[in-house]
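Q: Starting off with a structure, shown below.
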Amino acid sequence: MSTFTLNDEEIEFKPGQTIIEAAKDNGTTIPHFCWHPKLSISGNCRVCLVELENIPKLVIACSTQATEGMVVYSESEKTLEARNAVMEFLLINHPLDCPICDEAGECKLQDYAYKHSIGESRYVEEKTHKDKRVQLGPRVMFDGDRCISCSLCIRFCDEIVGEPELTFIKRGNGVTISTFPGKQMENKYSLNTVDICPVGALTNTDFRFKTRVWDLSSNPSICTGCSRGCNIDVWVINNEIKRLTPSFNKEVNSYWMCDDGRLNTFKHVNAKDRVDGAHLRKDGQLIKVSWDEAFANASSELKNITNKEIAFIGSAFSTCEDNYLFTKFAKDVIGCKNIDFIRHTNPDFGDELLRQNDLTPNTMGAELTGVSPKQGGLNLDGIVQGIKSGKIKGLFIMEDDLLEAYPELEKSLPSLELLIVLSSNFNKTTAFADFVFPAATFAEKNGTFINFNGRVQRIKPAVETTDLDRSLDGMAMSRLDKFGTSFDRWAIGNKHDARASWKIISGLSVLFDKKLKYKMSENVFDDMSKSIDAFKGLDYDIIGKKGVLLKDKLNEVTQTV
Amino acid sequence: MEKIVLPDIKDLHKIEVYKANDGYTAINKALSQSPDDLIEQVKKSGLRGRGGAAFLAGLKWSFMPKTNDKPKYLCVNGDESEPGSFKDRQIFELNPHQLIEGTLITCYAIGAKTAYVYIRGEYHKWIKLFQDALDDAYEAGFVGEKMKETFNTDFACEIYIHKGAGAYICGEETSLMNSIEGQRGYPRVKPPFPAQNGLWGCPTTINNVETIANVPKIINKGWEWFSKIGEPKHPGTILFGISGHVNNPGVYELPSGTLLTDIIYKYAGGIPGDKKILCVIPGGSSMPPLRGDGIEGVKMDAESLKAAGSSIGTGGIIVMDEDTDLVKVLARIAKFYYHESCGQCTPCREGTSWLVRLLDRIGQGNGSSHDLDMLIDVASNIEGNTICALGEAAAWPVRFMVSRFRDYFEKRVKKEIVLPVKNKVHSMRDTAFPLDSP
């Protein structure tokens with residue numbers, strides 16, 4: 001292994017690595033703006049200038065390759081002088097609008113100004129003014145004044161998405177970012193530019209001016225927009241999700257996620273049509289009742305239907321734990337063989353980068369936990385036909401909207417004797433349900449998803465329900481969560497009365513002979529790992545933060561980004 | 001004294017006149033030798049680049065890889081954008097065929113089959129003149145596929161003219177390549193150097209027009225002959241373009257090492273009104289200026305000027321008499337580099353605008369001694385921290401002008417100097433280039 005000296009410490013490097021990469025691998029971050037591990041080197045910000053022994057000029061650590069025996073100083077007097085100089089240059093024309101800037105609190109320029117700058121400005125001239133509020137595309141807003149011309153966003157579009165939509169225009173101090181004449185930045189990954197923008201020049205139109213980032217808590221989770229399973233952080237204030245951002249997982253999504261996943265997978269959590277508490281139909285109306293009442297009535301009605309006349313529809317939106325108990329309930333408790341789930345695909349959704357045509361996060365999980373017809377049972381088509389013909393009299397649906405997928409059932413659904421639906425939001429199907437149990441969303445429960453190439457990954461709660469407590473259940477806390485009182489407007493977040501589907505099923509099973517009792521989703525998983533080969537040897541700790549590939553998938557080609 | 005690049009031969013730009021004066025014989029001679037021999041001869045001749053850095057041309061050529069897995073290119077840099085430089089223009093106009101012949105020899109020596117002559121866009125007339133000469137050379141079979149027949153050789157080389165679009169930065173060798181590729185004129189981060197990774201990722205050599213124009217004579221007359229002209233460490237003649245307050249501005253081809261005072265007084269006819277010299281910039285506006293009272297004995301070659309605290313640059317000498325408003329001169333120079341900064345890297349993009357704003361304020365009479373320190377400080381913070389040499393080009397004039405003329409600048413900020421009434425040239429400049437704020 002080759003080595004070089006960084007700040008009097010000998011560190012190892014791989015052939016071809018640059019100083020900044022080798023330093024990073026050894027735990028030293030050399031300050032930088034324009035460098036990104038997944039993008040080409042542009043060398044324009046000049047913050048990573050470092051001193052090399054016996055070389056008169058400073059070199060940039062992002063483009064200089066490490067060589068055997070090289071002596072690098074990233075904190076020497078000369079280096080610091082240059083870094084201070086560059087920071088001063090970056091700040092002279094940067095507007096002092098941090099108090100109203102969305103980036104404040106997670107701004108690299110702000111952080112570096114504290115860490116690497118002299119702390120005062122010698123600049124007394126008029127600042128340069130550029131265009132503010134330029135709508136670069138439907139989802140991204142640009143503020144020219146704040147831009148430090150690092151070109152990360154341009155390179156992201158060019159190199160990662162492969163759609164060169166942004167460019168520099170003008171020159172010198174007038175340089176600014178623009179789309180091409182008559183064009184917009186509308187690629188499916190455009191919001192990643194907001195993440196990598198080191199300043200507040202690019203903002204997310206869905207998030208800007210909504211909140212201060214330091215008031216948000218963030219919890220790791222998995223995007224539910226397709227079967228890629230992009231790793232995300234769920235950002236919450238006042239128990240309401242404000243945004244999702246991708247988090248790095250080199251095996252799954254690298255640093256990125258698509259705009260659809262980012263914007264369209266959490267709005268239902270905060271929506272007004274949430275099912276809040278258990279509901280049953282009385283005199284044609286769905287009314288809220290206690291859980292016990294709903295369980296008691298539902299169980300007795302379930303017992304009135306023979307196991308051949310009932311069908312179960314699971315969900316690829318639900319976790320493995322949910323589907324596992326769902327199957328167990330159908331099979332072992334009710335003794336029903338008619339079980340399947342709806343596949344949601346869109347042949348136009350997928351692409352080469354991240355997006356998959358399967359629009360659900362857990363198809364493989366539903367398959368592996370046995371959500372498929374047992375010998376002699378009906379599959380989804382059979383169940384749909386059975387509903388139409390009247391052969392199926394009872395239906396138990398978990399986290400899916402059957403009517404949305406099969407509009408032709410509109411006339412047959414009302415004639416079912418029993419329709420039980422577990423759903424987070426009211427939808428077309430719940431309109432005909434006899435029982436609606438409030439299912440917790442992905443942001444309100446623990447569990448696992450298996451992505452399209454067989455990687456098991458954990459989701460963790462970020463939003464409280466009456467069933468989950470922020471501190472007791474280990475969710476991250478924001479400043480407001482810690483110090484807010486019930487007198488503070490922003491601390492009286494709306495908590496829904498909802499439970500994870502596995503928990504609802506478990507509660508229901510208690511009223512049957514065979515009881516499915518579990519304390520936590522982790523216990524469900526442990527049981528699953530004992531009884532299903534694919535999960536053998538796994539537990540939540542082993543799955544960890546980045547997930548693991550199922551054993552029988554290890555040999556298959558793994559797709560890394 | 002013999003002139004190498006611009007000999008006094010009438011109508012030398014015409015191909016038949018050039019041919020009658022041993023034209024296109026050097027390429028013939030070169031083709032009978034090995035490329036390595038040619039590189040060796042140019043190395044021994046001591047020919048140094050005339051574009052500013054005065055790097056040994058033969059050594060630069062030798063950096064080109066000997067393998068043939070990728071095409072190789074030669075770029076002939078005729079962007080000539082440095083204020084005070086107007087020498088390459090003379091070559092395009094008066095001796096284009098020697099440049100073409102030099103280009104062919106260089107291509108053969110470095111193994112290139114394609115050469116691009118990059119000419120600044122503003123040179124409409126000279127682009128046309130050079131294109132005409134190139135057309136003639138093609139027609140005569142000296143360039144392109146026909147070469148094989150003409151010179152009975154396997155070697156053929158195409159020469160293309162590439163027009164600049166008005167950016168100073170495209171004279172920087174890596175921006176020049178980006179510009180030829182059709183990219184934005186941004187300098188590239190080095191390494192990799194052009195000899196490894198140049199035009200379209202292929203090995204490329206970039207030489208100045210004047211450098212290349214010297215090559216045919218070196219081949220024809222021998223490296224020893226060339227190495228004995230002028231100063232041994234920077235041999236040959238240099239095209240000195242002299243402008244400013246002199247009676248006979250123009251381009252003078254003189255041996256390297258000629259006294260600066262000789263160029264000003266003997267060749268350029270001295271200062272109008274016999275005024276004293278306040279300041280001389282010896283190599284184009286980006287080079288450190290010299291005090292008028294310190295130019296006695298200064299010789300014009302790379303080493304001597306380095307010793308005198310400046311640099312040969314492009315040999316563009318700008319002379320300023322004692323009545324010159326140095327604050328305005330410096331503001332104008334700073335404004336040029338501010339306007340021409342490509343904006344890619346932070347110190348240059350932000351620093352050049354700071355310099356202009358400071359100098360504007362000083363020019364308006366609102367400066368202080370502290371602002372002069374600030375100028376030097378800001379300039380020093382740009383210097384050495386940028387991707388390309390424009391950082392130095394912008395910083396040097398400011399840093400050296402202020403520090404070398406500190407007495408003058410101090411008097412100006414303290415309003416102890418009463419500026420003379422503007423002369424006609426000054427007032428014309430005012431209209432042509434208004435010094436508005438950035």
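The values are calculated or read from the model by the stated rules, or taken from the named source; none is laboratory data. Remember, it's a predicted structure, so these values are computed and weren't measured experimentally. Using ideal geometry, Cβ is built from the backbone for each residue, glycine included, and neighbour counts are taken over all protein chains shown.
Q: When you check residue B:84 against the structure, is it outside any helix (DSSP H, G or I), in contact with a Gly (Cβ under 9 Å, 6 or more places away or on another chain) and at pLDDT 95 or above, yes or no?
A: yes
Q: Separate question: What pairs can you find where one residue is in segment A:249-268 and touching a residue at least 40 places away in the same chain (Cβ under 8 Å), the other is among the acidic types (Asp, Glu), and their Cβ atoms are less than 8 Å apart, with a gap of 6+ or different chains?
A: Final answer for the pair search is A:255/A:195; A:263/A:206.
Yes/no matrix, rows are residues, columns are (1) at negative phi; (2) over 28 Å from the mean Cα position of the chain (by Cα); (3) touching a residue at least 24 places away in the same chain (Cβ under 8 Å):
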{"site": "A:274", "(1), (2), (3)": "yes, no, yes"}
{"site": "A:285", "(1), (2), (3)": "yes, yes, no"}
{"site": "A:302", "(1), (2), (3)": "yes, yes, yes"}
{"site": "A:309", "(1), (2), (3)": "yes, yes, yes"}
{"site": "A:322", "(1), (2), (3)": "yes, no, yes"}
{"site": "A:334", "(1), (2), (3)": "yes, yes, yes"}
{"site": "A:343", "(1), (2), (3)": "yes, no, yes"}
{"site": "A:346", "(1), (2), (3)": "yes, no, no"}
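Q: Going by what's in this entry, would residue A:227 be described as under 13 Å from the mean Cα position of the chain (by Cα), of a type in the set (Ser, Thr, Tyr), closer than 20 Å to residue A:461 by Cα and buried (at least 24 other Cβ atoms within 10 Å of the Cβ)?
A: Yes; evaluated as a whole, the condition is true for this residue.
Q: Just checking, which of B:369, B:380, B:353 is among the hydroxyl-bearing types (Ser, Thr, Tyr) and either in contact with a Pro (Cβ under 7 Å, 6 or more places away or on another chain) or in the same structural domain as residue B:190 (by TED's automatic domain parsing) (or both)?
A: B:353
Q: Among the residues of segment A:118-141, count how many are within 13 Å of another protein chain (Cβ to nearest Cβ) and either within 30 Å of residue B:188 (Cα to Cα) or β-branched (Val, Ile, Thr) (or both).
A: 7
Q: Out of curiosity, is residue A:112 surrounded by 13 or more Cβ atoms within 10 Å (Cβ to Cβ) and more than 27 Å from residue A:216 (Cα to Cα)?
A: no
Q: While we're here: Restricting to segment B:397-431, count the residues that are in a loop (DSSP other than H, G, I, E, B), charged (D, E, K, R) and at pLDDT 65 or above.
A: Adding up the residues that qualify gives 3.
Q: Residues that are farther than 17 Å from residue B:50 by Cα and either within 20 Å of the chain's Cα centre (by Cα) or not assigned by TED's automatic domain parsing to the domain that holds residue B:159 (or both): does segment B:205-218 have at least one?
A: Taking every residue of segment B:205-218 in turn, none turns out to be farther than 17 Å from residue B:50 by Cα and either within 20 Å of the chain's Cα centre (by Cα) or not assigned by TED's automatic domain parsing to the domain that holds residue B:159 (or both).
Q: Still on this structure, I have one more. Regarding segment A:142-152, can at least one residue be identified that is out of contact with any Lys or Arg (no Cβ under 9 Å at 6 or more places or on another chain) and either without any contact (Cβ under 8 Å) to a residue 40 or more places away in the chain or away from chain B (no Cβ under 14 Å) (or both)?
A: no
Q: Here's another thing I want to ask about it. Return the total of residues in segment B:130-172 being touching a residue at least 60 places away in the same chain (Cβ under 8 Å), more than 17 Å from residue B:19 (Cα to Cα) and among the acidic types (Asp, Glu).
A: 1
Q: Can you name every residue in segment B:336-353 that is among the aromatic types (Phe, Trp, Tyr) and more than 7 Å from chain A (Cβ to nearest Cβ)?
A: B:336, B:337
Q: Residues of segment A:451-478 being closer than 17 Å to residue A:545 by Cβ and modelled with pLDDT of 95 or more, which ones?
A: Passing the criteria: A:451, A:455, A:456, A:457, A:458, A:459, A:460, A:461, A:462.
Q: Moving on. Tell me, which helices (runs of 4 or more DSSP H) wholly within segment B:171-261 include 3 or more residues that are buried (at least 24 other Cβ atoms within 10 Å of the Cβ)?
A: Hits in segment B:171-261: B:173-181, B:209-221.
Q: Okay, next question. Looking at segment B:193-203, is at least one residue in contact (Cβ under 8 Å) with a residue 24 or more places away in the chain, on the phi < 0 side of the Ramachandran plot, within 14 Å of chain A (Cβ to nearest Cβ) and not polar (S, T, N, Q)?
A: Yes, that holds for at least one residue.
Q: Then there's this: Looking for whichever is of a type in the set (Lys, Arg), facing another protein chain (nearest Cβ under 10 Å) and not in a strand (DSSP E or B) here; the options are B:332, B:361. Which one fits?
A: Within the list B:332, B:361, the selection yields B:361.
Q: Next question. Residue check: is residue A:214 farther than 16 Å from residue A:358 by Cα, outside any strand (DSSP E or B) and within 11 Å of the chain's Cα centre (by Cα)?
A: The answer is no for residue A:214.
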